[in-house]
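What follows draws every value from the coordinates through simple rules; no lab data is involved. Remember, predicted model here, so these are calculated numbers, not experimental data. Cβ coordinates were reconstructed from backbone atoms using ideal geometry, including for glycine residues, and neighbour counts include every protein chain displayed.
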Amino acid sequence: MFCRPKRGSATRHLFVGNCGPAVGLTESQVQQYFECTGAEGVTIPVPAAGSSSHVFVTYRSIAEAKAVLEALSAKPPAELGNRKLVVKYADVKADQHADEATTRHVNRDAALCNIPGLDLLQDFVSPAEEQDLLREVKAGPWETLARRRVQHFGYKFEYVSRNVDTGKPIQPLPPLAQQIACRLEELLGVAFDQLTVNEYEPGVGLSAHVDTHSAFTGPIVSLSLAGPCVMEFRRGAEQRALFLPPRSLLVMADEARYAWHHYIPHRRSDPLDGEAVPRAASRVSFTFRKVRGYPCECKWPGSCDSQGGGMPPTRMALAAQDTSPGIASSRSGIEPSADQTAAVVDPPADNQQRACSDSEPSVSVGKGFPQRKLETLSLADGGPSHEQQHAKARSGISARDGQSPEHSEQSSPASYVLSHEQHARRSEDQPMHGSSAGIQHGEQSSSAGQQMESRYVHGVYDIIAGHFSATRFAIWPKVREFIDNLPLSGLVADVGCGNGKYFGVRPDLAVLGSDRSPNLAETAARRLQTSYGSRQPLPRCDVAVADGLHLPYCSGVLDGVLCIAVLHHISTVERRVAMLVELARVLRYGGRAIVTVWASEQEQPGKLAKWEPIGPGSQSGGGDYFVPWHVPFHRVEAAAAAAKVRSGEAPLPQSSAPTGDSDARPASHSLPASADVVDGKAPASSAEAEHMRGKENALEGSGHKSEVSSEAPQSDKGSSPGLASEVTSGRSDVSEVFLDGQVDEVKRTVVFKRYYHLYDKGELEGLVEQVPGVRLVSSFFDKSNWCAVFEKV
Amino acid sequence: MKLLTHNMLSCHIKGVKNGYPFKIDPVKIEEMDADYDPDFLRHIYPRLEWPALREAAQVMGEPNLPEEVTESMLQNDEEFLRHFHHALLELILEEGALVCPETGRRFPVHKGVPNLLLHEDEV
């Protein structure tokens, strides 16, 4: 059996793709060709022999295999029809295990690993201390994970978010462990304040990871007790192994801590000096860390969550959001602030929608789209409508009109269909007919709306983009269902795509994502390029910065449009209709759009009361609200706000905020120098003012300077210019938005207000009715959202 | 930005008649491997403005797209399909600008993302 080799390693076996019976090459043809290249054997995979599009070829040596790989990659062989072959190394499964057990080199000395910052101190504790430490934690209470048991001290490590809540200290380190921590402080100059005790049974390991940068600062050290193990380190294609004997102390600092993945293979014995050393009945590790509570500014942004890199969401986090409605909906009742470090919730938009009721009367999105051929033929049958012809006549897109429409009358049926589509598309590069009245009117009255959105939607999302993106990954089932019904290899726009979480749902689709926030668009773009873990690169998706009211696409080209949790950020009726008209414009005939918005019928009781109403609203609670978004202090987005405040650049909050909000949350204070701007509700007394300053100092204290002092042995500072300054500079509207950023000391967050319009029953459908040329296919309420699917007719 | 996307974009500045296609002013072009899937190419072809793709591909360094595409080329011409695939999905405009053919307005492309926001006086 063949398999992929260890990353980057060359073998004497080659995988050759785009080659085999499935692509029209006969077995003997393939066999003969590779025998001529000196192959020892050619294997055509058995289960799919007749339909295989790849083969495996084995050579006598790695050098031979390498030579052939290079030759084939350079030039497709004429003997195989000049096909461009995909050639990679392969390995034999049995071989690989043998290799690993016997030949893989495991170092006993950390220096031989040649990883900057990695160290191993032998016999850091005595056998007596070892026994005492084990006894101290033996009774627990243990928290049971999937395969091992853990205990936390100082701060609880949340596995879902891979972070700690710095606002919530838990039980202190037990006495003996604290003594070790003191010893470590003398040695390393770091006051470790978080301890995780792990107990591993034989066969149990630790998955590869880099400890979350924003969660911990300085080195991370781990004391191995009771039994040994081999720890593996990986960075890109590089790999090292280090034997950790009992009572040794592993120190990971600098590059070793910030850039290298470390893991313990799940196996029962470890290879060492050519032999297999069985694991002990149990191995207990004491891992000491220092919590950070502010963004990381290391020089390894690729693995740094504070700088937009790092690991994708955990499976636990995905599972909690994706598959368990119970958890999801109970979560969704919590304000983002209350559940801050769990890196989840933007209340209803996503999570609340999860548990969708199958009994919903009008849930169905409808049948799949008509086959494209049928659809275009019917168009061809009837010929272009009057409006189309009219529109075509007006259409000034001469570059396109230059192509003769008669082109369609010649040649095969296929090209006949093609050109009719092109025809339809050309004919429409004009705003939708008939819609002008409302829109024109809107143009005049929408400037206030634009201001509201610019400040309380675009500006805010631009600032919180990184944090927002890190919490957005659940695929809502109703949207998935809509996407599943789109035609094969269809062309789809995702308007307001955020971090692009819907891009990969169907890899055959080409998705044109757009977002009004440049920073959010960038988070989506980054996703396109990285393949991390199970995430594949998405070669058919793209992102643009664009306004949903002025989409940059040609008319009539798209099979589908997603507009998920976007329309509720649009602040006037005219602009809402204008956006729907714009969505319809880019759809082809028969193309469908799905639009979802937050409902005034929030299923979580008391939720509306937590939001800040703007204006009178409707009887059922619909209308305009400010909804808070909390950014934890440890996020770089919060640091940007705090830095702005400290430097005094941010103007006063009261001067231009449209509504007073100081009574909304007693625990929060307006940002800048609000202590000095007395308005009865802001902190007025000098004591409170002092308190405010103290808080700002606290923020400052968590900044760069203290990192310097607490990371004496480190050298990773002074490296990056700091994302914070990057975020604040270069965007003219940022300082304005900081008016509305507030420090919430209790939750240790900076709070940003976002504008929302909550929709009453029927309101969304009413908007769709105002869009000419579309038919409402279905509309439904699902978990605190109103949703509509419409089709262009 | 891929040329597939470019093919779907047009300039929507108010009053612009000839907003298609954007001219590409490349500063940095990257290539990304994409899985070759001739079926996708056959599906997407009808949606494309071929002359616009061909012109853009030339600017981006893929000069091998033919002026005319026939049904049989789409079905069997492997070499053509490879070039088509490469032009459509594997050439990425990483830095540069999209230029409106009528007004000359430049829309910057940064880190692979075109910024197509319009100014207030353009809508």
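Proximity of backbone amide H atoms, modeled 1.01 Å from N, is registered between B:V123 and B:K14 at under 5 Å, excluding neighbours fewer than 5 places apart on the same chain. Mean per-residue shielding of peptide B:4-15 is 6, counting Cβ atoms of other chains within 10 Å of each Cβ.
For a test of the definition: using alpha carbon positions, the gyration tensor, and the 1.5 limit on a/c, classify the range A:175-323 as rounded, prolate or oblate.
Numbers: a/c = 1.57, a/b = 1.18, b/c = 1.33.
Oblate, since a/c reaches 1.5 and b/c is not below a/b.
Charged side chains reduced to their Cβ positions (Lys and Arg at +1, Asp and Glu at -1) give chain B a dipole of some 580 debye around its Cα centre. Taking amide H as placed 1.01 Å from N in the peptide plane, A:L558 has its amide H under 5 Å from the amide H of A:L587, A:R588, each at least 5 places away in sequence or on another chain.
Label the range A:2-97 by shape, choosing from rounded, prolate and oblate, from the square roots a ≥ b ≥ c of the eigenvalues of the Cα gyration tensor; if a/c is under 1.5 it is rounded, and otherwise prolate applies when a/b is larger than b/c, oblate when it is not. Oblate is the answer for the range A:2-97, as a/c is 1.5 or above yet b/c matches or exceeds a/b. Residues A:H209, A:H105, A:H630 in ascending order of nearby Cβ atoms (within 10 Å, fewest first): A:H105, A:H209, A:H630.
Database remark: amide H of A:I614 closer than 5 angstrom to the amide H of A:D624, A:Y625, A:F626 (H placed geometrically; neighbours at sequence offset of 5 or more, or on other chains; Pro and chain starts carry no H).
Fewest neighbouring Cβ atoms within 10 Å first, the residues B:M32, A:M579 line up as B:M32, A:M579. Helical runs (DSSP H, four residues minimum) scored at -39500 (n - 2.57) apiece and divided by the length of chain B put the mean residue ellipticity at 222 nm at -8000 deg cm²/dmol.
Other residues whose C-beta falls under 12 angstrom from the C-beta of A:A593 contribute a net charge of +1, scoring Lys and Arg +1 and Asp and Glu -1.
Each other residue within a Cβ distance under 15 Å of A:L80 adds +1 if Lys or Arg and -1 if Asp or Glu, for a net charge of -1.
For a footprinting-style exposure proxy, rank B:R106, A:R585 by other Cβ within 10 Å, fewest first. All intermediate terms of the calculation are to be shown ahead of the outcome.
On the way: B:R106 14, A:R585 25.
In increasing order of surrounding Cβ atoms, one gets B:R106, A:R585.
Counting Lys and Arg as +1 and Asp and Glu as -1, what is the net charge of the other residues whose Cβ lies under 11 Å from the Cβ of B:V59? After counting each charged neighbour, the total is -1.
Legend: residue pairs A:K6/A:K88; A:K478/A:K753; A:K6/A:K66, Cα-Cα distance threshold 19 Å; pairs beyond threshold, A:K478/A:K753. Does the range A:497-606 come out rounded, prolate or oblate, given a ≥ b ≥ c as the square roots of the eigenvalues of its C-alpha gyration tensor, rounded meaning a/c under 1.5 and, failing that, prolate meaning a/b above b/c? The shape class here is oblate. GNM on chain B, alpha-carbon springs under 10 angstrom: the most fluctuating residue among B:K14, B:K111, B:K23 is B:K14.
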